[in-house]
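Asker: This is the structure, below, for whatever I ask next.
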Amino acid sequence: MTLNIRPATVEDAPALCDVNLRSIREICGKDYPPDRLDTWCANKVPGNYLKWLADPKLRLYAGERDGRVAGVGLLDVNGWIFLLYVEPEALGSGLGKALLAHMEQEARAMGLGRLQLKSTITARDFYARQGYEDLGPTGDEIPSFRMEKAL
Ligand SMILES: CC(C)(COP(=O)(O)OP(=O)(O)OC[C@H]1O[C@@H](n2cnc3c(N)ncnc32)[C@H](O)[C@@H]1OP(=O)(O)O)[C@@H](O)C(=O)NCCC(=O)NCCS
């Protein structure tokens, strides 16, 4: 199995959207009620990935597993990770860790001293293992946790 992380392209938008939606519904679905999943998925349409690609403040990444898009990452140049999702078939493959390490490396190269994110209930332990400090619930409509890591 080969893993590869690269900048996303316009052609990736439908695949990134599909991976993101399946990750939310099929992986996070065990931790959230259906109405919350609907709210969460509402902005996951291919056009928004194109918008994020064109935004100079954002960096969108595609995670490939054996040459196929199987993960998505979105980094904000101000030090926020906005998206990190893998498709259900890629769970436990190391792709999530590889995408996160790539975004951390990019953030360091931008001169950022720390990264912040809002973790799902589902990914909280994953981020803790990668060195992120849990700062507690965000209080958002979709329950999540503020986490951060010094780079
Ligand atoms: C979080 C996520 C991206 C991790 O991706 P992944 O490819 O399954 O994770 P990896 O295989 O790279 O795992 C890396 C390490 O974290 C551990 N890990 C992965 N998921 C974990 C979890 N839910 N709880 C605890 N540990 C976890 C793995 O065992 C592995 O440990 P190791 O480095 O000691 O071997 C993936 O589970 C996912 O897409 N979840 C649903 C979407 C989500 O909640 N995203 C977060 C948005 S903020």
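Asker: What FRET efficiency do you get for Val45 and Ala101 if R0 is 30 Å and r is their Cβ-Cβ distance, rounded to the nearest 0.05? Numbers along the way, then the final one.
Answerer: On the way: r = 28 Å, r/R0 = 0.94.
Computed FRET efficiency for Val45 and Ala101: 0.60.
Asker: Rounded to the nearest 0.05, what FRET efficiency do Asp125 and Leu151 have when you use their Cβ-Cβ distance and R0 = 22 Å?
Answerer: For R0 = 22 Å, the calculated efficiency reads 0.60.
Asker: Sum -39500 (n - 2.57) across every DSSP H segment of at least 4 residues in the chain, then divide by the residue count to get the 222 nm mean residue ellipticity, nearest 500.
Answerer: -9000 deg cm²/dmol
Asker: Using the heavy atoms of the protein chains alone and a 1.4 angstrom probe, what is the accessible area of the chain per residue in square angstrom?
Answerer: I get 50 Å² per residue for the chain.
Asker: DSSP loop (so not H, G, I, E, B), at most 15 other Cβ within 10 Å: list which trypsin sites (Lys or Arg not before Pro) in segment 1-104 pass both filters.
Answerer: Numbers: sites: Arg22, Arg25, Lys30, Arg36, Lys44, Lys51, Lys57, Arg59, Arg65, Arg68, Lys97; in loops: Lys44, Lys57.
Listed in order of number, the matching sites are Lys57.
Asker: Could you let me know the centre-to-centre spacing of segment 121-135 and segment 64-101, using Cα atoms, in angstrom?
Answerer: 15 Å
Asker: Taking a cut-off of 29 Å between Cα atoms, list the lysines near Lys51, but don't count ones fewer than 8 places away on the same chain.
Answerer: Here the lysines satisfying the reach criterion relative to Lys51 are Lys97, Lys118, Lys149.
Asker: What does the charge add up to near Arg65, with Lys and Arg as +1, Asp and Glu as -1, over the other residues with Cβ less than 9 Å from its Cβ?
Answerer: -3
Asker: Could you check the spin-label model distance between Asp66 and Ala109? Points 7 Å from the Cα along Cα→Cβ, value in nm.
Answerer: Distance between the two pseudo-spin positions: 2.9 nm.
Asker: Estimate the FRET efficiency between Arg36 and Asp134 by the formula 1/(1 + (r/R0)^6), using the beta-carbon distance for r and 22 Å for R0, to the nearest 0.05.
Answerer: It comes to 0.60.
The values are calculated or read from the model by the stated rules, or taken from the named source; none is laboratory data. Model, not experiment: these values are computed from the prediction. Heads up, the Cβs are rebuilt from the backbone with ideal geometry, glycines too, and the neighbour counts pull from every protein chain shown. Accessible surface is based on the protein model in full, side chains and every heavy atom, while ligands, DNA and RNA are left aside. Shrake-Rupley method; radii C 1.70, N 1.55, O 1.52, S 1.80 Å.
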